[in-house]
Amino acid sequence: MTKLTVIGAGAWGTALANTARKAGNDVILWTRHGEHADSLNAEKSNLAYLPGIPLVSGIMATSNIQQAARSDIILLVTPAQHARETLYRLKPELEPETALVMCSKGIEQESGRLMSEIMEEIAPSNPHAILSGPNFATEIARGLPAAATLACRHRELGESLVKAIGLPTFRPYLTDDMIGAQIGGAVKNVLAIACGLVAGGRLGENARAALITRGMAEILRLGEKLGARAETLMGLSGFGDLILCCTSQTSRNFSLGAALGQGDILEEILQQRTAVTEGVYTASAICKLAEKFGIEMPICAAVDEILSGGTAVSSAIEDLLARPFRDEKLAGF
């Protein structure tokens with residue numbers, strides 16, 4: 001596998017394109033806008049989403065979906081809520097042996113489906129994999145050390161993918177737990193908003209530590225119902241990503257929560273951003289799944305109520321603090 005396409009030229013897509021090129025692949029970086037592709041090729045940098053970090057020599061940007069689809073590996077890095085549309089565009093151009101690697105974190109808002117379920121629905125003949133972990137795009141693009149979870153059901157495919165994108169400074173760890181590799185990354189987006197609310201509201205580091213821990217309990221509860229393994233959820237794509245995004249202003253979800261906690265208005269925050277904040281859209285999908293399976297996810301529910309405008313930040317916090325005392329238990333594993 002030497003020809004690789006990255007679908008989605010945001011910060012994360014650009015960082016992965018740099019990584020794949022450093023690993024020795026022929027790399028195409030696809031963007032939906034021709035002007036953006038022209039800028040990437042001319043400037044050798046993604047001025048819109050990753051300024052100050054050059055593209056590795058040899059990366060070719062394009063807005064031609066037919067050209068982008070002719071690859072051994074396709075990394076799907078469009079926002080989660082656009083994954084279905086993107087796969088429909090790709091589907092007619094795909095060869096059946098092309099491996100599809102989902103690198104976006106989230107749950108489809110309307111259907112409640114995981115990204116792997118959408119891949120299986122639209123492109124069932126292609127090999128599928130999930131890449132997820134505690135990875136800030138800027139650090140990956142700069143070549144700073146990082147690790148990730150790479151999940152696929154067939155080990156031979158997984159080993160081929162590791163060889164294709166792995167570097168000494170970017171270390172993919174294999175698992176066959178496709179479900180577990182997605183749950184942590186999706187739920188942590190919502191929990192990072194909650195931690196941002198704690199920071200913005202100046203509720204203290206004790207509160208944030210408690211929220212991260214109880215948030216992990218919510219990840220484990222949902223993961224158990226969906227068939228994930230606890231060790232995956234406690235690994236890089238779960239606990240690792242949760243720690244990263246709940247403790248850093250670099251996280252888009254954390255910074256959005258912090259702004260809300262300081263009294264800013266959601267619509268105004270989103271209007272000022274070029275990149276998608278996935279937790280805003282995943283929160284309601286997670287709450288629907290929690291209701292469907294009859295599990296408690298009070299932190300995610302509180303964030304969803306705040307985002308939907310149904311509850312003020314102060315009221316949501318008061319409601320969480322008023323919950324009954326109980327035995328400490330992360331999940332039924």
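Brief remarks on what is shown
- The angle between the Cα long axis of helix 205-226 and the longest principal axis of the Cα atoms of the chain comes to about 70 degrees, rounded to the nearest 10.
- Relative contact order computed over the chain (Cα-Cα under 8 Å; 6+ residues apart), in percent: 15
- Checking Cβ-Cβ separations below 4.7 Å across the chain identifies C103, C152, C245, C287, C300 as cysteines lacking any candidate disulfide partner.
- The fraction of accessible area contributed by carbon and sulfur in region 15-98 is 49 percent, rounded to a whole number (1.4 Å probe; ligands and nucleic acids excluded).
- Accessible solvent surface per residue of region 184-251, calculated while the other protein chains remain in place, 1.4 angstrom probe, Å²: 35
- For peptides 282-289, 142-149, 113-120, sequence by mean Cβ density within 10 Å, most packed first: 282-289, 113-120, 142-149
- All-pairs Cα distance distribution in the chain, expressed in whole percent, bin size 10 Å: 6, 27, 35, 23, 8, 1
- Seen from every direction in turn and averaged, the convex hull around the alpha carbons of region 57-160 projects onto 7.4 nm².
- Degrees between helix 11-22 axis and first principal axis of the chain (Cα, 0 to 90, nearest 10): 40
- Computed packing ranks the peptides 60-67, 75-82, 184-191, 308-315 as 184-191, 75-82, 60-67, 308-315, most packed first, by mean other Cβ atoms within 10 Å.
- Angle in degrees between helix 279-293 and the longest Cα principal axis of the chain, rounded to the nearest 10: 70
- Here, P(r) means the percent of Cα pairs in each 10 Å bin from 0 to the largest distance; for region 204-333 it is 11, 42, 38, 9, 0.
- Rolling a 1.4 Å probe over the protein heavy atoms gives region 1-151 an accessible area of 38 Å² per residue.
- Of all DSSP beta bridges in the chain, antiparallel share, percent nearest 5: 20
The values are calculated or read from the model by the stated rules, or taken from the named source; none is laboratory data. Worth saying up front: this structure is predicted, and the values here are computed from it rather than measured. Neighbour counts are summed over all protein chains in view; Cβ atoms, including those assigned to glycine, are modelled from backbone coordinates with ideal geometry. These area figures cover heavy atoms from the full protein model, side chains too; ligands, DNA and RNA do not enter into them. Shrake-Rupley method; radii C 1.70, N 1.55, O 1.52, S 1.80 Å.
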